[in-house]
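The values are calculated or read from the model by the stated rules, or taken from the named source; none is laboratory data. Computed from a predicted structure; not experimentally measured. Glycine gets a Cβ as well: all are built from the backbone with ideal geometry, and neighbour counts include every protein chain shown. Accessible surface areas use protein heavy atoms only, side chains included; no ligands, DNA or RNA. Shrake-Rupley method; radii C 1.70, N 1.55, O 1.52, S 1.80 Å.
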Amino acid sequence: MGGMNTMTTTQQQEHRTARGSLTGEDCLDVTTQHRWRHSTVVAGVPWKNPVGTASGTFNLAACGPYYDVSQMGAISTKGVSPVPWEGNPTPRTAETPCGTVNAVGLQNPGVDHYLHDELPKLKALGATVVTNVAGHSDDDYAEVVAKLADSPADMLEINVSCPNVSRGGMSVGTDPLALFRLIGRLRELSDKPMIVKLSPNVTDIVAIARACVDAGADALSLINTLVGMRLDITTGKPILANATGGVSGPCILPIALSFVWRVRQALPDIPIIGIGGISRGEDALEFLYAGANAVEVGAAALFDPVAPLRIATELESLLDSRPQLAAKLMEGKTW
């Protein structure tokens with residue numbers, strides 16, 4: 001019959017594997033009623049596996065059709081602000097060798113919409129949800145955290161490291177004293193496990209991390225994007241309307257690993273989520289050996305929508321042959 005694919009399911013799977021990548025259909029096949037063999041624990045919260053989505057690269061409406069999002073270790077949502085944010089003017093993204101530069105500016109519909117729409121949908125699917133919190137000021141962060149305090153979100157991730165907003169964001173996350181005051185204030189508003197997402201655009205990441213822990217943070221996620229830019233050589237002007245943006249993708253992997261390693265050496269007990277340049281299960285494994293309890297996948301999902309789940313399945317196979325590491329993760333410990 002014209003155009004009909006007559007290959008069996010097994011033949012289709014072998015054909016896709018030979019091409020070197022998995023599709024959304026493959027991941028759905030792999031994870032239907034899947035029972036993960038290697039879980040982890042982050043700040044007391046069980047994750048089905050050590051791989052989550054990174055904030056800013058996940059949207060349920062966009063990603064849901066490609067794979068069962070409840071199968072992820074956790075879903076870190078788009079940054080949530082007190083009121084809707086339009087984000088930065090376009091162009092917002094540019095390619096760069098082994099990565100991208102973006103200046104989206106945390107566009108989102110606001111916390112009230114999030115509480116009535118995306119969060120209930122994610123929880124109804126059975127996802128473990130990490131709500132990313134954004135703000136232009138301490139009051140902004142406090143307003144969002146207060147509204148989330150009694151929500152079904154499993155964890156809060158305080159984003160003090162976005163380089164693409166004019167106020168708040170990275171300006172808070174690069175000052176240990178300002179960060180200590182902010183996290184201390186937020187800690188009083190909610191007893192939910194609180195993660196602080198750290199910026200690499202600092203001189204001393206350990207001082208920043210220690211300020212968060214001393215103020216009551218339950219975990220740290222690192223790193224957010226590095227500041228970078230691209231220029232149009234026909235005009236001599238920046239490609240991004242914001243001029244600079246956040247660099248992400250495989251090019252930042254070794255930098256991110258070094259930051260996780262340094263913080264783990266200085267703070268042996270704080271749970272850490274590693275982020276930056278992860279595109280394969282092997283990359284995620286490096287972060288676990290660097291001292292992370294879990295990882296989040298971001299930029300890889302922009303060119304491969306099923307990347308987070310693919311990486312989770314690849315990592316599971318790698319952990320099969322590393323029982324000592326797998327046992328530590330299951331207990332909430334690290335390498």
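Relative contact order for the chain: what percent, with Cα pairs under 8 Å and sequence separation of 6 or more?
19 percent
Net charge within 11 Å of GLY245 by Cβ-Cβ distance, Lys/Arg positive one each and Asp/Glu negative one each, not counting GLY245 itself?
+2
For a quick check: with amide H placed at 1.01 Å from N, whose amide H comes under 5 Å from VAL80's, ignoring anything fewer than 5 positions away on the same chain?
ASN132, VAL133, ALA134
Would you tally the net charge around ILE275, using a Cβ to Cβ cut-off of less than 13 Å, leaving ILE275 out, and scoring K and R as +1, D and E as -1?
-3
Rounded to a whole number, what % of the accessible area of the chain do carbon and sulfur atoms account for, probe 1.4 Å?
Using a 1.4 Å probe with all protein chains present, the chain comes out at 54 percent carbon and sulfur.
What list of whole percents do you get for P(r) of the stretch 232-291, with Cα-Cα distances grouped in 5 Å bins up to the one holding the largest distance?
Histogram of Cα-Cα distances, whole percents per bin: 4, 17, 22, 15, 12, 9, 9, 7, 4, 1, 0.
Using only C-alpha positions, report the orientation-averaged shadow area of the convex hull of the chain, nm², one decimal.
Mean shadow area of the hull around the Cα atoms is 18.5 nm².
Taking square-rooted eigenvalues a ≥ b ≥ c of the alpha carbon gyration tensor, is the stretch 208-335 rounded, prolate or oblate, where a/c under 1.5 means rounded and, failing that, a/b exceeding b/c means prolate?
oblate
Using only the alpha-carbon atoms of the stretch 64-121 as identical scatterers, what base-10 log of I(q)/I(0) does the Debye formula give at q = 0.24 Å⁻¹?
Values returned for q = 0.24 Å⁻¹ are -1.01.
At a Cα cut-off below 20 Å, give the lysines reachable from LYS123, other chains included and same-chain residues fewer than 8 away excluded.
LYS48, LYS78, LYS147, LYS192
Counting only the backbone N, which residues of the stretch 195-218 are under 12 Å from the spot 7 Å out from the Cα of VAL227 toward its beta-carbon?
It comes to 200-203, nothing else.
Report for the chain the percent antiparallel among DSSP-assigned beta bridges with both residues inside it, nearest 5.
Among the beta bridges of the chain, antiparallel pairing accounts for roughly 40 percent.
How many nm is it between the label spots at MET330 and ALA61, if each spot is 7 Å from the Cα in line with the beta carbon?
4.1 nm
Please compute the per residue accessible area over the stretch 218-335 with all protein chains in place, 1.4 Å probe, rounded to a whole number of Å².
Each residue of the stretch 218-335 exposes 40 Å² on average to a 1.4 Å probe.
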